[in-house]
Amino acid sequence: MVQNINGNQVTEGIRGSQLQKLQAGQRGIGFEQLLQEQLQKKEEIQFSKHARERIDQRGIEMTPSLIQDLNNAVAKAKEKGAKDVVVIGPKEVFIVNIPNNIVVTTISGSEMKNNIFTKIDSAVIL
């Protein structure tokens, strides 16, 4: 160990990835489990800050089954080569960027009427 100018101890000669492996080993998590967790995160949809705000503002209930339906819709759209998709649910609409697995925004059922979706190459109906 070496002390830096602030008096904090620093580990010398360990790169970031090596340190992560050491820390993971200390927690009892193996590389295989860490890899699987990261792969699973990549496959699951994420919600942008804007989308999360719209979900809250519009009172959209995000149930585990709805999230699973969204994940399935995104997987199907990805198989077909879609890039930007509107996913139409029974009470809500989600705009999803497929390459990044990110829900960009959401619209509640009451706001769907007379709405125009631009820059969308595909639609999936739940």
Margin query: Longer than 23 Å from Cα to Cα, which of K49/K91; K76/K113; K80/K113 are they? Say none if no pair is.
Written below: K76/K113; K80/K113
Check: In whole Å and largest first, what semi-axes does the C-alpha gyration tensor of segment 44-125 yield when each eigenvalue is scaled by 5 and square-rooted?
Finding: 18, 14, 12
Item checked: Extension reserve of the Q57-K119 stretch, reckoned as 0.36 nm per residue once the Cα distance is removed -> 19.9 nm
Check: Which parts of segment 87-115 would a label at K49 reach, counting a residue when its backbone N lies under 16 Å from a point 7 Å out along Cα-to-Cβ?
Finding: 103-105
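Only the coordinates and a few stated rules stand behind these numbers; no lab work does. Everything numeric here is computed off the predicted structure, so don't read it as measured data. Cβ sites come from the backbone with ideal geometry, for glycine too, and all protein chains shown count toward neighbours.
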